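Each remark here refers to the structure printed beneath this line.
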Amino acid sequence: MSFLNTLFSKSKDVEAIFQKAFEAETKYNNFERALSLYEKAANLGYAKAQYYCGFMYLKGRGTKRNHQKALSLVEQAAQQNHPHGQYLLAQMYLSGEGVKKDEQIGNEWMEKFRSHNLLNEITLCFHNY
């Protein structure tokens, strides 16, 4: 199997894990199962899963709140240019939720998020939580 085929296959596998996690969370409200699956995909470097997993640790969905884990996961997603991760990281720093409040860092991440031109999408998404 070529390198590209292997990479594509692993990408599909990670996305499948993520989709199972998302279904467990949204369809069945099984937050513990969702978190377990998100963590599996996050540990494989999948930015979308890192964001969702970090959000769950931040809000205590399926687990006790763990700001240290939340920050680590959300930072990983944000550093991979994941817009939701950048937005959440900015909000964490701007509000001081789970981190020491730092408007400079928060504004830097917010600028990175704004470069995606997704403000309305994010606003609607976070109002659902």
Estimated FRET transfer efficiency (LEU44, LEU118; beta-carbon r; R0 35 Å; 0.05):
0.90
Please turn the phi angles of the range 98-103 into ³J(HN,Hα) values with the Karplus equation 6.51 cos²θ - 1.76 cosθ + 1.60 (θ = phi - 60°), one per residue in order, whole Hz, x for glycine and proline.
x, 9, 5, 4, 8, 5
Could you sort the peptides 64-74, 40-50, 83-93 by per-residue average Cβ neighbour count (10 Å cutoff), highest mean leading?
83-93, 40-50, 64-74
Each residue of the range 69-76 in turn: what ³J(HN,Hα) in whole Hz from Karplus with 6.51, -1.76, 1.60 and θ = phi - 60°, glycine and Pro shown as x?
5, 4, 4, 4, 5, 5, 4, 4
With no solvent term and unit scatterers on the alpha-carbon positions of the range 3-127, Debye gives log₁₀ I(q)/I(0) at q = 0.10, 0.12, 0.20 Å⁻¹ of -0.31, -0.44, -1.12
Please order ILE17, ILE105 by the number of other Cβ within 10 Å, starting at the fewest.
ILE105, ILE17
Obtain the nm distance between the two label points defined at SER36 and GLN19 by a simple spin-label model: each point lies 7 Å from its Cα along the Cα-to-C-beta direction.
2.1
What is the order of MET110, MET56, fewest Cβ neighbours within 10 Å to most?
MET110, MET56
Filter LYS20/LYS100; LYS48/LYS101; LYS20/LYS101; LYS12/LYS112; LYS48/LYS69; LYS40/LYS112 down to the pairs with a C-alpha to C-alpha distance above 23 Å, please.
LYS20/LYS100; LYS48/LYS101; LYS20/LYS101; LYS12/LYS112; LYS40/LYS112
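Values quoted throughout were computed directly from the atomic coordinates according to the rules given, and no laboratory measurement underlies them. None of these values were measured; they are calculated from a predicted model. Cβ: placed from backbone, ideal geometry, glycine included. Neighbour counts: every protein chain shown.
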